[in-house]
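Please read the structure below before turning to the comments.
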Amino acid sequence: MACDDHMNSCVKLLLLLLMLVLCAARASADRTKTLDFDVKPGGVVQTFSAKLKKYKCTFTYASQGGTNEQWQMSVGLSDDEQMFSCSVWRPQGKSYLFFTQFKAEIKGAKIEYATAYSQTAVGGQRDVDLKEEEYIVSESAVTHRDGKFRSELSKLTVIGRTRHDEL
């Protein structure tokens, strides 16, 4: 009988530990989200968005040439919910599309850091930043600069401080 009680306690402990691990994994999953989408050429303005809790990232663009490319958008929230991040990129590296415009906008946070790349680090290649003159960073968006943007885009990264109500 004592052995059965000990076995039941061990089973209960293992179930409790499993439950804690699953809760921790779920909490982590609630803080990040990655979605696949196609960037479609044709010169028509397209939009893709992802939302995490009360925060949102929207990527708006127009591109020409070639065929659809698979891209990804990841949104994340820091553990203390003070920072919201959004990254949009082509996992295969350099895009072969000719972008006529782009904008990455976040809602619910004020941009503290943003950068854009013409090429991403894949297969031994390195990230290649766009020149700062090619895009504009405001409190809520990163946008191409008319007349300066050279139409090459493979990745955007935006990090913003969330807006918490002060007591």
Near the amide H of Lys94, under 5 Å away, which other amide H atoms are found, from residues 5 or more places off or on another chain, if H is placed in the peptide plane?
Thr120
Hey, if you put +1 on the Cβ of every Lys and Arg and -1 on every Asp and Glu Cβ in the range 35-167, which of Gln92, Val45, Gln72 ends up farthest toward the positive end of that dipole?
Val45
Find out how many positive minus negative residues lie around Thr47, taking Lys and Arg as positive, Asp and Glu as negative, among other residues whose Cβ is under 12 Å from that of Thr47.
+2
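Provide the net charge surrounding Glu105, with neighbours chosen by a C-beta distance below 13 Å and charges set as Lys +1, Arg +1, Asp -1, Glu -1.
+4
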When only Cα pairs under 8 Å and 6 or more residues apart are kept, what is the percent relative contact order across the range 54-167?
32 percent
Residue-by-residue Karplus 3J(HN,Hα) for the range 143-155, coefficients 6.51, -1.76, 1.60, Hz, glycine and proline x
9, 4, 9, 3, x, 10, 5, 8, 6, 9, 9, 10, 6
Which sequence of Val137, Val75 reflects their accessible areas, 1.4 Å probe, from the largest down?
Val137, Val75
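The values are calculated or read from the model by the stated rules, or taken from the named source; none is laboratory data. Owing to the predicted nature of the structure, the values given are computational and were not obtained by experimental measurement. FYI the Cβ positions are ideal-geometry reconstructions off the backbone, even for glycines, and counts take in every protein chain you see. Note: areas computed on protein heavy atoms with side chains; ligands, DNA, RNA excluded. Shrake-Rupley method; radii C 1.70, N 1.55, O 1.52, S 1.80 Å.
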